[in-house]
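Notes follow once the structure below has been shown.
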Amino acid sequence: MSLIDPVFDRADSRAGEAVLRVTDLTVSFPSEQGRVQAVRQLSYQVDAGEVLGIVGESGSGKSVSSMAVMGLLPPQAKVSGSVRFRDTELLGKPDSELSRIRGRNVAMIFQDPLSALTPVYTVGDQVSEALLAHGKGRLTKQAAARRAIELLDLVGIPNATSRFKAFPHEFSGGMRQRVVIAMAIANDPDLIIADEPTTALDVTVQAQVLEVLRTAQEVTGAGIVMITHDLGVVAGFADRVMVMYAGRAVETGAVDEIFTRPRMPYTLGLLGSIPRVDATGRQALVPIEGQPPSLAGLAPGCPFAPRCPLVVPVCEEVEPDLEEVRGLVGHRAACHRSEELGDPDPAGVFGVPEPTVRSTAAPRGRRPAVLTVDGLAKRYDIIKGAVLRRRVGSVHAVDGISFEIREGEILGLVGESGCGKTSALLEILSFTTPSRGRVEVLGRNVATLDRTTRKRLRRDVQVVFQDPIASLDPRMPIADILAEPLSTHRVPKEEIRRRVPELLRLVGLRPEHASRYPAEFSGGQRQRIGIARALALEPKLLVLDEPVSALDVSIRAGVINLLDDLRARLGLAYLFVAHDLSVVRHIADRVAVMYLGKIVEVGDVDDVFGAPQHPYTQALLSAIPIPDPVKERARERILLTGDLPSPADPPSGCRFRSRCFRYAALSESERDLCEQQEPPRERHGNSSDGHEAACHYAQVHTVL
Amino acid sequence: MSIFATSSSTRDPATAAPGVSGAPEPEEQTTRTRLVVRRFLRNWQAVFGLCAIVALFALAYLGPLVSPWGYAESDYTAFLQPPSADHWFGTTQIGNDVFAQTMRGLQKSLVIGLLVGVISTGLASVVGAAAGYFGGWTDRILMWFTDLLLVLPAFLIIAILSPSFRGKTWLVFVALLAAFTWMITARIVRGMTLTLKEREFVTAARFMGVPAWRIIARHILPNMASLLIIDATIAVGGAILAETGLSYFGFGVQPPDVSLGTLIASGTDSAITFPWLFLFAAGFLIVAVLSVNLVGDGLRDALDATSGRASKADEDDPAPGPVGVAA
C-alpha cells in the first residue's frame, strides 16, 4: 500500500470544488431525416468526490453528451456550448491537447469490457500503457509494471502478479470490467465517466463491480458521472441524479429527493413502471404510453407532451426550462406543472390498467401438467483434433433439472449467464430425445414422437425470443410474419386473413400497419409482434426467453402488463426464462433458480423471495438493486467471492461450494459433506409444500 | 378488445394519445428498396454505368434493325473500307459490314454474360445454402465437390470439350461457363448461411415447424440478397471476359456465329494497319465490362450502407434507423 499513497492525492483535499461544468451543450448529427439534435442545451455540474447519476433511455442523449465531454464524437457531429474541466475549456481544443487530458485527468469506463480491451495484448501491458502514455519519461517500464500490479490488486483481481500476463479473453466479464476500472484510475483522474459500466454484467457481478467503483472513488477522490438506465443502481450509488429525456435534462436533484418526490411526470412514470423485487401483492405496472420522440425535427413545446397525463395547452407550445421547484432547494424540474405534482403515486397520475382477474379454476395440484421435465441433461462434447477427432471431455450445460408447469401457471427460470437456462430451453424446444432424462409435453414423452405428431405438438408450444430485432425477419412484412405459423400448419387462406388483424389487436397494435416492415416499428412494438406470432396457433404453453430485457425501461411495463393480461384471458402457461428477478417477482407464480446446470431452489415466488433458503438465492437477491435510496443504502449485501467455475470441470459434491459464504463459515468436518455429496433437492424445516432447496445446511435468511 | 382501451379511458380524453398502438407515421414510406435506389442514384459513376449498359443493349438489339446491312452479308463493292457513311464501322476483308457484325457479337456477348451470371449465382446460392444449413455429410460432400471444381482448370477443360459441341447451340457453352464460375460464391453463401442460421427468426421458424427448404428460400436467401445481387452483377462482367477469351482462341462461340471474341481474334492481325477491324469490338468490350463493374460497385455501396456501415466520407447518410429511435 505504500506506493499508492503518494501518487493518489488526498481525497478530502479536493472535495467540494466543481470538477466539471457543462453549460448549454448542444450536439447534432446529420441524418437521412434531417439534422438530429441529440443533445439540446444541457447544463450540469459535478463536484469532486460526488457521484452524479445520469438516467435516461435510448435516445435521451446521455451517452452522446459524455462522449462530447471527452471529445470522442465523430467529425460529422456539431458540438457547441461550454465544457469546463476545472479551469480549462475542453470544447474546441485540438485532439492532441485533449489526449493529454484524457486518460490522465478525465477517464472513461465503457459498457462492454470485451471490446474496451485489446485482445492481442496482455492485461498488464494495457494497464502499464495507461501509465506510460502519461508518464512521459518519468516512469520506467518496470516501475509502470509494478504499479500496474498494485492497481490490479486494488481492484480485486486475485493473484495479480500472475494474472498480469494473462489476456483479456481469459477473464470473465466482471474481471475485465475491473481491469478497465484499473486503467481508468491508473493516473489518479479528477473525473471518471462511467457509461453503463454494469449493464452487460450479471447481477452478482454488478454488485462486485459497483463495490470496486466505490473503492476507486474513495482512493482517487474523483467525481464520478454514472450513466445508466437502471434506477436501482442509481439509488444505491449516486449522490445526485439527473434525468434526461429527448436530449435535455428534465429533472435534477439529490437522489433521495428525486426518488421520493419527483416533480416531473416522466420521472414519476419511470419510477412507477419498474417492477420491484421487494414488491408484494399484485398490482399492474404503470406503463408510459407511446415511445420517445424522434430527435430529427422535434415539435415545439415539451417533448414529453404526447405521453404526459398532465398535459395542458401551454405544454405543447412552450418548452419548459429547467427551473428550481418552488420550496425545494437544489431540486430542479423542467415542467410547467411541477408544483402541482403533489400526489407522488404514479398509478394515480398515469392511470394503471385494471389487473385482469386470474380465473384460477382449480388449485395447482388438480390442474393438468403442461410441461414435465425430469432429470434433463444436455451434454456438449469437447472435441479435439482436426483429422482424428476424439472426445476429450464434455460440458454438461444442463445437468439434471426437474420441474413441472401446470396449466395457467407461470414458472420463472432464473440464473446468471453460464447457468444453462438457455441450453435447457433449447433442449426442451427441440422435441428430441435428450442426452439424459425425460421431457413430457402435454403428457406426451417427446422421445416417442414421430414426425407428424411432433409437428402437431409444435402448435401447442411456441416461443418468444429476447431480441425483438433479430427475432423478426427484416425482409418480410408483418402480415407475412404473422401468417407464417398459420400457413405452415395448413390453415386456409381466408382464415389467415381473418386472424392476422385479430392477433394485432390482441397485442395492442393497429391492424392497418400489417403491411409494414419490422424496421418501421419500435422495440416494444416488435416484441408485441413476436408475441402475436407466438399466439397465432393458440398454444397452451408459451416459452419466453428474456422477453423484456432488450427493451427500454418505460416500454417494459407495457409488455409485462400485456403478458399478464394474455395469460389471464387465454389461460396460457408460461415458461419464463430471465435473469431479471424483479420482472420474475412481478409476473411469475413459481420460480426455479439455476446455478451451473442445476436447480438449487424452487418454490412459490413469495416463498422463495421472502424466505430464501439456498445461499446462492440469498446472494442473488441481495445483489439486486432496489430503486429506493434509503432502503438500498441500508441493505445488507452478500458478495460472492471469485468467479463462476468452468462448467467443464465443476467442483465435486455441491457445485456452489467454491463461492458459498455458508461453506466458508463451516467447520472442517461439516465441509466434508459439501465436498463429497451433492445435496438433493428437498424441503427443509417448515417451508411450504413445493418449496425445495438443494443445500445440506439450508437456512432461511431474509434479504429483501 | 385491447387492454389499452381501459388505460386510455382513465386519462383525459382530449389528450388521449394513440398510445402504443400508434406506429410512427413516416411522411413517405422509407422502404429499404427506395433507400437503396436513392443511394444508387446519388453515385454518378454507377448511374453512368447503368446508362451505358442500357445504351449497349439498345444498340445491340435495335442497331441491326436500323443498319442496312446484315451481319453475314458481303458487300462486294467494298472490301476493307474504313468507316464511311455507307458502312459506319467499315468493312472486313470479305466485305462484311463491321457495324452489323459488332452489334451481333455484342448481342451474343451480353446475353452469354447475363445468363452465366444469373445461372452461376443461382447455383451458388442453392449449393451454399444447402451446405450451410444442413451441415454434416451434406456439407462435407457439397464442399468437397466445390473444392474439386475450384481445382480443375476451367479454361483447359472447356477448351478440350469444345470440339465435341461444335455445331450444337451456344447454350452448351453457357452451361459450361456457368459450371466453372459458381464455386467461390457458394463458399461465401455457405458462410453467411451459417451466421444467419443462428439468428432468432430462423430459430423461430424452425420451432414453428416450417420445413427446411422453405426456411432457406424464405428466410435465409432473401437476407443475403445484397450479396447475391452484387455477385451476379460482377459475374456478368467476368463471364463476358471469359467468353471473349475462349472465343478468341476458337473454343467458345463457333463460326458462322460471331461474338466480340471472334471479332477481336480475326481483327488482331490487322490491328495496326486496318484498325477499324479491331478497335470497335475491343472498345465495346471494354465499355461493356467497365459499365457492368461500375454498376456492381454502385450496388455494393448502395446496399452495404443501408445494412449499417456508413462510410466516413458519406457525411449525409449515416445508417438510417427506424423512425422514432434516435441516435
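Observations
- Scanning the range A:515-525 for residues that are at pLDDT 85 or above and either more than 25 Å from the chain's Cα centre (by Cα) or among the hydroxyl-bearing types (Ser, Thr, Tyr) (or both) turns up nothing.
- Which numbered condition A:Pro547 misses (of (1) facing chain B (nearest Cβ under 7 Å); (2) crowded, with 19+ Cβ neighbours inside 10 Å): (1)
- Some residue of the range A:308-316 being among the acidic types (Asp, Glu) and surrounded by 17 or more Cβ atoms within 10 Å (Cβ to Cβ): no
So that you can scan it fast, the table gives a plain yes or no per residue for (1) in a helix (DSSP H, G or I); (2) closer than 23 Å to A:Gly365 by Cα; (3) in contact with a helix residue (DSSP H, G or I) (Cβ under 8 Å, 6 or more places away or on another chain):
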residue	(1), (2), (3)
A:Val559	yes, no, yes
A:Leu566	yes, yes, yes
A:Arg569	yes, yes, no
A:Phe576	no, yes, yes
A:Val584	yes, yes, yes
A:Ala592	no, yes, no
A:Val602	no, yes, yes
A:Pro645	no, no, yes
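- Cross-chain or 6+ apart pairs with Cβ under 7 Å, the range A:206-226 first and buried (at least 24 other Cβ atoms within 10 Å of the Cβ), then assigned to a strand (DSSP E or B) and of a type in the set (Asp, Glu): A:Gly223/A:Asp47
- Qualifying residue in the range A:504-511 (condition: over 21 Å from the mean Cα position of the chain (by Cα), more than 8 Å from chain B (Cβ to nearest Cβ), crowded, with 23+ Cβ neighbours inside 10 Å and more than 30 Å from A:Tyr266 (Cα to Cα)): no
- Only listed residue being hydrophobic (A, V, I, L, M, F, W, C), crowded, with 23+ Cβ neighbours inside 10 Å and farther than 15 Å from A:Gln291 by Cβ, chosen from A:Leu537, A:Leu542: A:Leu542
- Matching option when the condition is of a type outside the set (A, V, I, L, M, F, W, C), in contact with a strand residue (DSSP E or B) (Cβ under 6 Å, 6 or more places away or on another chain) and either on the phi > 0 side of the Ramachandran plot or at pLDDT 90 or above (or both), among A:Gly412, A:Gly443, A:Gly418: A:Gly412
- Selection status of B:Thr244, away from chain A (no Cβ under 13 Å), under 23 Å from the mean Cα position of the chain (by Cα) and under 30 Å from A:Thr452 (Cα atoms): no
- Taking the criterion of being touching a Ser or Thr at 6+ places or on another chain (Cβ under 7 Å) and part of a loop (DSSP other than H, G, I, E, B), the residues of the range A:165-198 that qualify are A:Lys165, A:Ala166, A:Phe167, A:Asp188, A:Pro189, A:Glu196.
- Number of positions in the range A:411-431 that are over 22 Å from A:Val446 (Cβ atoms) and in a strand (DSSP E or B): 2
- Options B:Ile160, B:Ile184; residue that is out of contact with any helix residue (DSSP H, G or I) (no Cβ under 8 Å at 6 or more places or on another chain) and surrounded by fewer than 17 Cβ atoms within 10 Å (Cβ to Cβ): B:Ile160
- Only one of the numbered conditions (1) at pLDDT 90 or above; (2) within 12 Å of chain B (Cβ to nearest Cβ) is not met by A:Lys540, and that is (2).
- Residues that are assigned to a loop (DSSP other than H, G, I, E, B) and among the small types (Gly, Ala, Ser) within the range A:261-312 comprise A:Ala279, A:Gly281, A:Ala284, A:Gly290, A:Ser294, A:Gly297, A:Ala299, A:Gly301, listed in sequence order.
- Among residues of the range A:27-57, those that are surrounded by 19 or more Cβ atoms within 10 Å (Cβ to Cβ) and within 8 Å of another protein chain (Cβ to nearest Cβ), counted: 4
- When A:Arg637 is tested against the conditions (1) crowded, with 20+ Cβ neighbours inside 10 Å; (2) closer than 28 Å to A:Ala160 by Cα, the lone failure is (1).
Condition check ((1) within 32 Å of the chain's Cα centre (by Cα); (2) within 13 Å of A:Ile181 (Cα to Cα); (3) touching a residue at least 40 places away in the same chain (Cβ under 8 Å)) across all residues:
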position: A:Leu73; (1), (2), (3): yes, no, yes
position: A:Val79; (1), (2), (3): yes, no, yes
position: A:Pro94; (1), (2), (3): no, no, no
position: A:Thr122; (1), (2), (3): yes, no, yes
position: A:Gly135; (1), (2), (3): no, no, no
position: A:Leu139; (1), (2), (3): no, no, no
position: A:Arg147; (1), (2), (3): no, no, yes
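The rows are residues; the columns are (1) touching a strand residue (DSSP E or B) at 6+ places or on another chain (Cβ under 7 Å); (2) closer than 25 Å to B:Val174 by Cβ; (3) modelled with pLDDT of 90 or more; (4) surrounded by 15 or more Cβ atoms within 10 Å (Cβ to Cβ).
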position	(1), (2), (3), (4)
B:Pro82	no, no, no, no
B:Gly90	no, no, no, yes
B:Ala100	no, yes, no, yes
B:Gly105	no, yes, no, yes
B:Gly113	no, yes, yes, yes
B:Gly117	no, yes, yes, yes
B:Ser125	no, yes, yes, yes
B:Ala130	no, yes, yes, yes
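- Within the range B:252-301, the set of residues being part of a loop (DSSP other than H, G, I, E, B) and either out of contact with any Phe, Trp or Tyr (no Cβ under 8 Å at 6 or more places or on another chain) or among the polar types (S, T, N, Q) (or both) comprises B:Gln254, B:Pro255, B:Pro256, B:Ser259, B:Asp269, B:Ser270, B:Ile272, B:Thr273, B:Phe274, B:Pro275.
- Residue in the range B:307-326 that is surrounded by 16 or more Cβ atoms within 10 Å (Cβ to Cβ), modelled with pLDDT of 80 or more and of a type in the set (Val, Ile, Thr) present: no
- With respect to (1) over 23 Å from the mean Cα position of the chain (by Cα); (2) crowded, with 24+ Cβ neighbours inside 10 Å; (3) assigned to a helix (DSSP H, G or I), the lone exception for A:Glu257 is condition (2).
- The numbered conditions (1) surrounded by 23 or more Cβ atoms within 10 Å (Cβ to Cβ); (2) in a helix (DSSP H, G or I); (3) not hydrophobic (A, V, I, L, M, F, W, C) are all true for B:Thr195 except (1).
- Near pairs, Cβ below 8 angstrom, 6+ apart or cross-chain, from the range A:465-486 (facing chain B (nearest Cβ under 7 Å) and touching a residue at least 60 places away in the same chain (Cβ under 8 Å)) to any residue that is in a loop (DSSP other than H, G, I, E, B) and of a type in the set (A, V, I, L, M): A:Asp467/A:Ala550
- Test: residue in the range A:119-129 that is part of a loop (DSSP other than H, G, I, E, B), modelled with pLDDT of 90 or more and buried (at least 19 other Cβ atoms within 10 Å of the Cβ): no
- Residues in the range B:197-241 that are of a type in the set (S, T, N, Q) and within 11 Å of chain A (Cβ to nearest Cβ): B:Thr203, B:Asn223, B:Ser226.
The values are calculated or read from the model by the stated rules, or taken from the named source; none is laboratory data. Keep in mind the model is a prediction, meaning the values are calculated, not measured. Every residue, glycine among them, receives a Cβ derived from its backbone with ideal geometry; neighbour counts consider all protein chains shown.
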